[in-house]
Amino acid sequence: MAITKIFDISSRSLSVYRRALEVTSHNIANANNPAFSRQRIIFETDISDLNAGKVWGNGVRISDVQRVRDALIEAHIREANSKFYNNSRQSQLINNIEQFFSEPGDLGLSNLFAGFFNSFDELATSPNSIPLRLSVINAANNLSAKVNTINQSFARMKQDIKDEFQNQVQAINTLLKQIHQINKEQFTNSYKGLAVNDLLDKRDDLIQQLSQIVNITVTYDQNNNANISIGGALAADGLHAAEFEATESNGRLSIKLKNGGIPVILNGGQLNALSEIYSDKIPAYQKNLDQIVTAFVDAVNQVHKQGYSITNPPQTNINFFDSYENGVLKVNQSILDNPSLIAISADGDNGNGDIALQIAGLREAQIVNGATVVDAYSALINGIGNDALLQTNYAQANNMVLSQLEDQRQSLSGVSIDEEMTNVLKFQRSYEASAKLITVADEMIRTILEMV
């Protein structure tokens, strides 16, 4: 082997270990970057030469710079992301709904129902008392205001959810465009022999963000393009990125492809949480509330119509509540204007308060599907609380799974400063040894030249 061969092998080795130090430096610089995957140098023996019937080695070369990534862990993280963000967002929204009812508290409907019945109980003791009649009106107004406020809060939340849903759909479209762009770039770079690891890290991070919003399926083709499907609809690949739009059909929020097609099936991510609350939870809670208030209004009016006012002449067949429609409870305006129209006399005598006692007794009447008003309302509040607790428990369980998966990912793909610094020392020593070989070869050539 000629002395110049030592130069070739040593210079090639210098280049290899310089590149190895660059990769190690890149790892260390991204140690705190959660989207970064540790990169690993793969060394291999350079192709040997056959000369004079003998094999002569050519040193070392870099065969690849691998991105340390486990596709199975990534797939599990995407699935856990979808579940966690679905449950977590539902838990947040249902907790917000609980606050509409102000339970337990003085401003809660439970206390206001009790105040309404108590006001009639007190009025029965002094049927002609205007202050007690005003107390009844005040209790009715408080009850009406709270019912109306709850329904207004539901309406505002539905609009807020709808706005957020549309914003999230726009976020999906933006992420899909970015993923499609990276698909093109990584293919082009791979074809040109350029590095693509950092691009793939960025793409994986975008895919993880997408999995937090909506349920996705990810596959990879022979060109390493990520093919994304949302609810069975192709969303992005190496050739195009689909565009989605929010849609509402039969009171249900969903998404569909902008160029047509049926709504996508949502079953995970924040988008599904918004759809579930908007389409199922809020309508169910409102329906239960409407049943309670409607039964309450009908029962009070039915008894009140049998009574007589203390006007001259006494009047009867008077509804206490005017109506309950579209979430708005209205007290009879005539009663609001003239408390004497509160009809609590059973026989027309001014001193009779039997009807007031009957209205007060409605608190024990099973008028809401075989339950009292208070019991039915308590069941509604307990149901909302249980829904919130269930989603919170699911979110915590999925968060634990997600944390474990992230730990596994970090243990595999994360950067260990200690390990990288060990590599720095190892590659530095190899670099210095290669440089030393060049010096030795140079001295050998000088010795030969001096002998001539």
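Some observations on this one:
- Qualifying residues in the range 196-217 (those that are out of contact with any Leu (no Cβ under 6 Å at 6 or more places or on another chain) and part of a loop (DSSP other than H, G, I, E, B)) - the one surrounded by the most Cβ atoms within 10 Å (Cβ to Cβ): 215
- Qualifying residues in the range 218-247 (those that are β-branched (Val, Ile, Thr) and over 13 Å from residue 266 (Cβ atoms)) - the one most open to solvent (accessible area, probe 1.4 Å): 219
- Scanning the range 385-418 for residues that are within 15 Å of residue 99 (Cα to Cα) and more than 19 Å from the chain's Cα centre (by Cα), we see that the one that is surrounded by the fewest Cβ atoms within 10 Å (Cβ to Cβ) is 386.
- Candidate set from the range 366-376 (those that are under 19 Å from residue 121 (Cβ atoms) and in contact (Cβ under 8 Å) with a residue 24 or more places away in the chain); member that is surrounded by the fewest Cβ atoms within 10 Å (Cβ to Cβ): 374
- Criterion: within 30 Å of residue 72 (Cβ to Cβ) and either outside any loop (DSSP other than H, G, I, E, B) or of a type in the set (Phe, Trp, Tyr) (or both) - qualifying residue of 375, 418, 387: 418
- Against the test of being free of Cβ contacts under 8 Å to residues at least 24 places away in the same chain and in contact with a Pro (Cβ under 8 Å, 6 or more places away or on another chain), the options 287, 256 yield a single qualifying residue, 256.
- Residue satisfying condition, being surrounded by fewer than 16 Cβ atoms within 10 Å (Cβ to Cβ) and either in a helix (DSSP H, G or I) or without any contact (Cβ under 8 Å) to a residue 12 or more places away in the chain (or both), within set 81, 86, 96: 96
- Test: residue 171 is closer than 30 Å to residue 237 by Cα and either surrounded by 15 or more Cβ atoms within 10 Å (Cβ to Cβ) or among the acidic types (Asp, Glu) (or both): yes
- Residues that are in contact with an Asp or Glu (Cβ under 9 Å, 6 or more places away or on another chain), without any contact (Cβ under 8 Å) to a residue 60 or more places away in the chain and of a type in the set (Lys, Arg) were ranked within the range 6-46; the one that is surrounded by the fewest Cβ atoms within 10 Å (Cβ to Cβ) is 40.
- Verdict on residue 158 being buried (at least 18 other Cβ atoms within 10 Å of the Cβ), over 25 Å from the mean Cα position of the chain (by Cα) and under 30 Å from residue 330 (Cα atoms): no
The values are calculated or read from the model by the stated rules, or taken from the named source; none is laboratory data. Since this is a predicted model, take the numbers as computed values, not measurements. FYI the Cβ positions are ideal-geometry reconstructions off the backbone, even for glycines, and counts take in every protein chain you see. Surface accessibility is based on the protein's heavy atoms, side chains included, excluding ligands, DNA and RNA. Shrake-Rupley method; radii C 1.70, N 1.55, O 1.52, S 1.80 Å.
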